[in-house]
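This report concerns only the one structure given below.
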Amino acid sequence: MKKITSVALVLSMILALGSAQAQSKTSHKKKAATETVADKKDHAKKAKQVARTEAKKTSKAASEKASKAGKATAATSKKAEEKGKKATAKAENKAAASTSTVTHKAKSTAASTKKTSEASMAANGKTIQTGPRGGKYYINKNGNKTYISSQKH
């Protein structure tokens, strides 16, 4: 009986050890699976943080570029406005000068026309005028131009 008891004891120990090993393997697998899930969650969190950081950096860089572009655009528009003002002033000066010249020419032409018309009266009392090519004429009673030959005048 001692032998049977010892054999039973040995067998129960073997069974207990086998059972403990089986439980150990199962819990190890569960633990490994749990660690794998936890690792994946941690990795996902880290990747999410990295993505947020990169997005913030990209957004900041884009806003800096836009700000620089806005400043450059403002400077460019100021320069264009200054050039426009200068061009306007220059055009106004030229216009004033040409107006002055035209006014002077008109006055001198009017004076010479007056002298010509006063001095150039035909015998019949008509005013003699000068045409665009230098020909002399007067307006007859029908309203038509009547040219005077160069021998008469």
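Details
- Test: residue in segment 44-65 that is in contact with a strand residue (DSSP E or B) (Cβ under 6 Å, 6 or more places away or on another chain) and modelled with pLDDT of 80 or more: no
- From the options 85, 71, residue that is among the basic types (Lys, Arg) and either modelled with pLDDT of 70 or more or touching a helix residue (DSSP H, G or I) at 6+ places or on another chain (Cβ under 6 Å) (or both): 85
The values are calculated or read from the model by the stated rules, or taken from the named source; none is laboratory data. Quick caveat, the model's predicted, so the values are computed rather than measured. Using ideal geometry, Cβ is built from the backbone for each residue, glycine included, and neighbour counts are taken over all protein chains shown.
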